[in-house]
Amino acid sequence: MSISIQHLTKTYGTQRAIDGISFTATPGEVLGFLGPNGAGKTTTMKIATCYLPPTDGTVTLTDGADTFNIFDHPTEMRRRIGYLPEHNPLYLDMYVHEFLDFAGRMHGLAADFRAQRVREVIEMTGLGREQHKKLSALSKGYRQRAGISQALIHNPSVLILDEPTTGLDPNQIVEIRNLIREVGKDKTVIFSSHILSEVEAVADRVVIINRGKIVADRATGDIRTLAQDEAIVHVEVANTGFDTTCIAAIEGVTAVEQITGTMFVIRSTASVEVRNTLFQACVAQNNPMLALQKEVFSLEDAFRKLTA
């Protein structure tokens, strides 16, 4: 089942929280939804889950020949979407098992199927040893697991998670990351996060929003290229006196910086490749190359460039 955001706009007075954004997430895809604080991520997720009406645009779910939207079929949308809000709302006086059974009843699950789903999500989220504890007695990490469990209890086709790893320690982050990756094998998953390494590790695709507008929508492996205005190559040779004249003469090379007697940094436009010429120059000058590294730009570099 795919979920499609179509020309979505939300205004508060004269302020546009989101401004005509559109994107689609497809089955089996984990989509990372990124943006700085106040960019419009949570507003988008609340509209998609029928908690907040848009000013304009719509959100639709497509399941084969059937299509549902937030205006005409809000109940059908809720049945098919699992949602973990940014501030995980839990009934802290309830026990874990009791809470998940309650969530299943709210979704109208029959008793036998409900009991089966409670067992399944407890195992899936690693809550087995905690299931007979009160939610108030759980750590932050286990509370997040309980929140994800309630989002999964009705076996939704689409899972929307708003900052699912906020406040977790590194070990808990890895566990939630693995859970998202596993769930994403047969569901459509949209999750937001400020931990960019987590997004790179989990998401198949990244949508970046800034000031209510989408500024990037690409496969995770391709998003880094948006930060690459230039190519940067580091080289170390064995002996001093390395002549870089042939490198500086390459069209597109903007700078050749000597860091030490044997270490250099070559900057060029992004499309220029200087490594082969560097290698040939080392051979011609009988000056062995000890290291050659092309600088790789990160998702963080792209994010900062697009949202600055």
- What number of residues in the range 177-189 are aliphatic (A, V, I, L, M) and over 13 Å from the mean Cα position of the chain (by Cα)? 2
- Note on the structure: Out of (1) surrounded by 15 or more Cβ atoms within 10 Å (Cβ to Cβ); (2) more than 25 Å from the chain's Cα centre (by Cα); (3) of a type in the set (A, V, I, L, M, F, W, C), the one Ala238 does not meet is (1)
- Message: Please verify whether Arg267 is surrounded by 13 or more Cβ atoms within 10 Å (Cβ to Cβ) and out of contact with any strand residue (DSSP E or B) (no Cβ under 6 Å at 6 or more places or on another chain), treating the condition exactly as stated.
- Response: no
- Query: Which of the residues spanning the range 8-25 are under 21 Å from the mean Cα position of the chain (by Cα) and either within 25 Å of Gly82 (Cβ to Cβ) or not assigned by TED's automatic domain parsing to the domain that holds Arg218 (or both)?
  - Reply: Leu8, Ala17, Ile18, Ile21, Ser22, Phe23, Thr24, Ala25
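Given the options Arg129, Arg105, Arg119, Arg80, name the one that is out of contact with any Phe, Trp or Tyr (no Cβ under 6 Å at 6 or more places or on another chain), of a type in the set (Lys, Arg) and closer than 30 Å to Thr24 by Cα.
Checking each option against the conditions leaves just Arg80.
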- Message: For the condition in the same structural domain as Arg205 (by TED's automatic domain parsing), within 19 Å of the chain's Cα centre (by Cα) and among the acidic types (Asp, Glu), what is the one hit in Asp162, Asp112?
- Response: Asp162
- Query: Picking from Arg275, Arg267, Arg218, which residue would you name as being basic (Lys, Arg) and in the same structural domain as Gly57 (by TED's automatic domain parsing)?
  - Reply: Arg218
- Which of the strands (runs of 3 or more DSSP E) contained wholly in the range 33-103 include at least 1 residues that are out of contact with any strand residue (DSSP E or B) (no Cβ under 9 Å at 6 or more places or on another chain)? 66-69
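Hey, could you check the range 211-229 for residues that are assigned to a loop (DSSP other than H, G, I, E, B) and over 30 Å from Thr14 (Cβ atoms) and say which is farthest from the chain's Cα centre (by Cα)? If you could, list the steps in order and put the result at the bottom.
Restricting attention to the range 211-229, the residues satisfying the condition of being assigned to a loop (DSSP other than H, G, I, E, B) are 211-212, 228-229.
Restricting the remaining residues to those that are over 30 Å from Thr14 (Cβ atoms) gives 228-229.
Values: Gln228: 20, Asp229: 23 Å.
Checked the range 211-229; the qualifying residue farthest from the chain's Cα centre (by Cα) is Asp229.
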- Task: Could you please find all residues in the range 201-256 being closer than 30 Å to Phe279 by Cα, of a type in the set (S, T, N, Q) and in contact (Cβ under 8 Å) with a residue 24 or more places away in the chain?
- Result: Thr225, Gln228, Asn239, Thr244, Thr254
- Kindly indicate whether Arg143 is crowded, with 17+ Cβ neighbours inside 10 Å, of a type in the set (D, E, K, R) and in a helix (DSSP H, G or I). yes
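Determine whether the range 218-228 contains at least one residue that is surrounded by 15 or more Cβ atoms within 10 Å (Cβ to Cβ) and more than 30 Å from Arg16 (Cβ to Cβ). Write out each step before concluding.
In the first step, residues of the range 218-228 are kept if they are surrounded by 15 or more Cβ atoms within 10 Å (Cβ to Cβ); the result is 218, 220, 223-224, 226-228.
Subsequent filtering for residues that are more than 30 Å from Arg16 (Cβ to Cβ) retains 228.
Scanning the range 218-228, I find at least one residue that is surrounded by 15 or more Cβ atoms within 10 Å (Cβ to Cβ) and more than 30 Å from Arg16 (Cβ to Cβ), so the answer is yes.
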- Message: If I ask for residues that are outside any loop (DSSP other than H, G, I, E, B), among the β-branched types (Val, Ile, Thr) and closer than 16 Å to Glu295 by Cα, which ones from the range 230-271 would you list?
- Response: Ile232, Val233, Val235, Val253, Thr254, Val256, Val265, Ile266, Thr269
- Message: So Ile208 passes all but one of these: (1) in contact with an Asp or Glu (Cβ under 6 Å, 6 or more places away or on another chain); (2) crowded, with 20+ Cβ neighbours inside 10 Å. Which condition number does it fail?
- Response: (1)
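The values are calculated or read from the model by the stated rules, or taken from the named source; none is laboratory data. Computed from a predicted structure; not experimentally measured. Virtual Cβ from ideal backbone geometry, glycine too; neighbours counted across all protein chains shown.
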